[in-house]
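What follows is a set of notes on a single structure, which appears directly below.
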Amino acid sequence: MREVNAKQITEVVRKLCIDSNLYLGEDVLKALDEGEKKEESPVGKEVFQQLKENARIAREEQVAICQDTGLAVVFVELGQEVHVVGADFNAAINEGVRQGYKDGYLRKSSCHPFARTNTKDNTPAIIHLSMVPGEKVKITLAPKGGGSENMSMVAMLSPSEGIEGVKNRVVEWVKQSGSNPCPPIVVGVGVGGTFEEVALTAKKALLRPLGQKNPDPQLAAMEEELLTRVNNLGIGPQGLGGRITALAVHVEMIPCHIASFPMAVNINCHAHRHKEAVI
Amino acid sequence: MSEPIRLKTPLKDADVEKLKAGDKVLITGVIYTGRDAAHKRLFDLLKEGKPLPVDLKGQIIYYVGPAPAKPGHAIGSAGPTTSGRMDAYSPRLMEIGLKGMIGKGMRKKEVIEAMKKYKAVYLAATGGAAALIAKSVKKADIVAYEDLGPEAINRLEVVDFPAIVVNDTKGNDLYQQGMAKYAR
């Protein structure tokens, strides 16, 4: 049994909140470069240049890439040989979020759903915990902005609709979302599981690095076809018209009930933020 | 691309009527921030026939909830939020003289109709380019609803704030035009 102090978890979460919101990943910067080259619309090209310049300013001046620094979505893979000591595990994560959003000058966006009063420290975090073999703790911080999160969907299809049914709904959904989720977007698609698991599967699809295909050849082909179809919609950067609506489409699939065929779409904006650390 | 049109606030009917969907603009002067919660309060005050904390005649509202300013900065990162959530309130504000709205994302038909009726425009700023946009904000002061935190109404002094006209006073829509041009 390895002991990990809750203070260490707090410190790691604090740093991940700040780093994920200030420094855009290399995979995203590369995708923006490639997108700018492929984009045919002059306004669209200009948007790509603005986004690259924005990422540079954020990095150099250490300010948030986007003012919407999101709800703090935290994925934890907790090794089963780890014993967390010193404080409540969930409280340790929330304390990290509290400190990170304060010290990083990040916006606090968490509020009471009815009264809309702000909790003022961006807690509670959204925590997804899974237990894994080993004696390490892997923490992934994926701040999620409201604009793109609002363009999410879950549908319980009939199995008779098949793979084409899923593909058509993804394309139709991106079309409806239009300029709202801040294109160029990353599209996460979940297929299978149950109502709640398919939504989480779509969200996890967004954590995969850009440029990496699904190892399943059928799903890799589906991702490629969907990217082409989504980009053929013409929505373009910021919805102002153009070739590049999405930087990538990621599909993840898990088995489902013989009566069910769940699917979900979770969209990320171009500020495709996530950072991880291992304790 | 044509050269950007320079706009100075407050705006008159003639200033907005010359703008066409697709025009790039650079805004200089005072603009006000406002998003969901502030809009609801303004809307409710008008419903009760009470005065607003800011005079919106000829003004522009920027849909933004900025990040906190670091020491030495006028404002934190400050990109646009999704405008559609303000659709329920915007026509009423245009009715009392609001001339411009800055945000990102699509507006409802009723809002586009109100822009034609009351002579106002909807401008898009680049969503997510929040650190870049913040550079054009020289001063920020809270003028109402401090309790709303990032949703408080700020008076911003901006110089060459970059935006693009999405909906003009003739009912044109750049989102639809742009998509039609590049769809295949």
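What follows draws every value from the coordinates through simple rules; no lab data is involved. What you see is a predicted model; the values in this text were computed from it and never measured. Here Cβ is always computed from backbone atoms with ideal geometry, including for glycine, and neighbour counts include all displayed protein chains.
Listed values, structure above:
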item	result
Count of Lys pairs (Cα-Cα under 29 Å; at least 8 positions apart or interchain) in the range A:43-151	14
Kirkwood-Stokes translational diffusion coefficient of the range A:146-193, alpha-carbon pairs, 4 °C, 1.567 mPa s, µm²/s	111 µm²/s
Cα-based Rg and Dmax for the range A:189-279, where Dmax is the largest Cα-Cα distance (Å)	14.3, 44
Max mean-square fluctuation residue, GNM over chain B, Cα-Cα springs under 10 Å, options B:PRO91, B:PRO51, B:PRO68	B:PRO51
Efficiency of FRET between B:LYS8 and A:PHE114 - r from beta-carbon atoms, R0 60 angstrom, step 0.05	0.90
Neighbour-limited loop hits for GluC sites (Glu not before Pro), the range B:27-125 (at most 14 other Cβ within 10 Å; DSSP other than H, G, I, E, B)	B:GLU48
Cα gyration tensor, chain B - rounded (a/c under 1.5), prolate or oblate	oblate
Helical mean residue ellipticity (222 nm; -39500 (n - 2.57) per DSSP H run of 4+; nearest 500) of chain B	-7000 deg cm²/dmol
Intensity falloff of the protein assembly as shown expressed as log10 I(q)/I(0), Debye formula with alpha-carbon point scatterers, at q = 0.05, 0.14 Å⁻¹	-0.18, -1.36
Longest segment of chain A lacking GluC sites (Glu not before Pro) that sit in a DSSP loop with at most 16 other Cβ atoms within 10 Å	A:136-279
Antiparallel bridges, percent of DSSP beta bridges restricted to the protein assembly as shown (to nearest 5)	55 percent
Proximal aspartates and glutamates to A:LYS203, defined as alpha-carbon separation beneath 13 angstrom and excluding residues fewer than eight positions away on the same chain	A:GLU149, A:GLU252
Amide H within-cut-off set for B:ASN154, under 5 Å, with H built and near neighbours excluded	B:THR33, B:VAL143
GNM top mover of A:VAL43, A:VAL230, A:VAL189 - chain A, alpha-carbon springs below 10 Å	A:VAL43
The range A:147-272, relative contact order in percent, only Cα pairs under 8 angstrom and at least six apart counted	44 percent
Farthest positive-ward along chain A dipole, Cα basis, beta-carbon charges - from A:CYS182, A:LEU29, A:LEU78	A:CYS182
Amide hydrogen neighbours beyond the local backbone of A:GLY234, cut-off 5 Å, H modeled	B:ARG184
Share antiparallel - DSSP beta bridges, the range B:22-173, percent rounded to 5	65 percent
Chain B, relative contact order in percent, only Cα pairs under 8 angstrom and at least six apart counted	29 percent
